[in-house]
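The values are calculated or read from the model by the stated rules, or taken from the named source; none is laboratory data. The model shown is predicted, which means the values in this text are computed figures rather than measured ones. Cβ sites come from the backbone with ideal geometry, for glycine too, and all protein chains shown count toward neighbours. Just so you know, the surface numbers come from the protein's heavy atoms only, side chains and all, with ligands and any DNA or RNA stripped out. Shrake-Rupley method; radii C 1.70, N 1.55, O 1.52, S 1.80 Å.
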Amino acid sequence: QVQLVESGGGLVQPGGSLRLSCAPSGNIFSIKAMGWYRQAPGKERELVATRIIDGGSTNYADSVKGRFTISRDNAKNTLYLQMNSLKPEDTAVYYCNAVTRYTVDWGKGTLVTVSS
């Protein structure tokens, strides 16, 4: 099992930037892919971006392409989400997940609020 702790959320004005971090612990060497998801009030959780560990291929939701970048520090095993040109509709709780051969583990989330 993998434990995940997200950080970096907060209040930001429209057009601003934030960087989220996700630090894994536990069975980290079994991780095949990691990703960011978000859930806005009253809505279902949706994919934001994912990254395959081997090879580093990435996938983004259309709504964030060109604005968000998912990356990973291999030395720290930490996943990041750089969010630029933030919009009010990006307001949500952002969750990190880790996919192994047998499990999908989730963090508790970090709140991002985009408002003036």
Of the accessible area of the chain, computed with a 1.4 Å probe and all protein chains kept, carbon and sulfur make up a percent value of 48
Dipole of the chain, positive end: most advanced residue of ASN27, PRO14, VAL64 [Cβ charges, Cα centre]: ASN27
Please tell me the relative contact order of the chain in percent, rounded to the nearest whole number, where contacts are Cα pairs under 8 Å and at least six residues apart. 38
What's the longest bit of the chain with no exposed trypsin sites (Lys or Arg not before Pro), using DSSP loop states and at most 12 other Cβ atoms within 10 Å as the test? 1-31
q = 0.15, 0.18, 0.19 Å⁻¹: log10 I(q)/I(0) that the Debye formula gives for the chain, counting C-alpha atoms only: -0.59, -0.85, -0.94
Hey, rough spin-label estimate for ARG101 and SER57, points 7 angstrom out along Cα→Cβ, what's it come to in nanometres? 2.0
Rounded to two decimals, what ratio of Rg to Rh does segment 69-116 give with C-alpha atoms and a Kirkwood Rh? 1.04
From the convex hull of the Cα coordinates of segment 1-63, what is the mean projected area in square nanometres? 5.7
Starting from segment 1-92, pick out the GluC sites (Glu not before Pro) whose DSSP state is loop and whose Cβ has at most 14 other Cβ atoms within 10 Å. GLU44
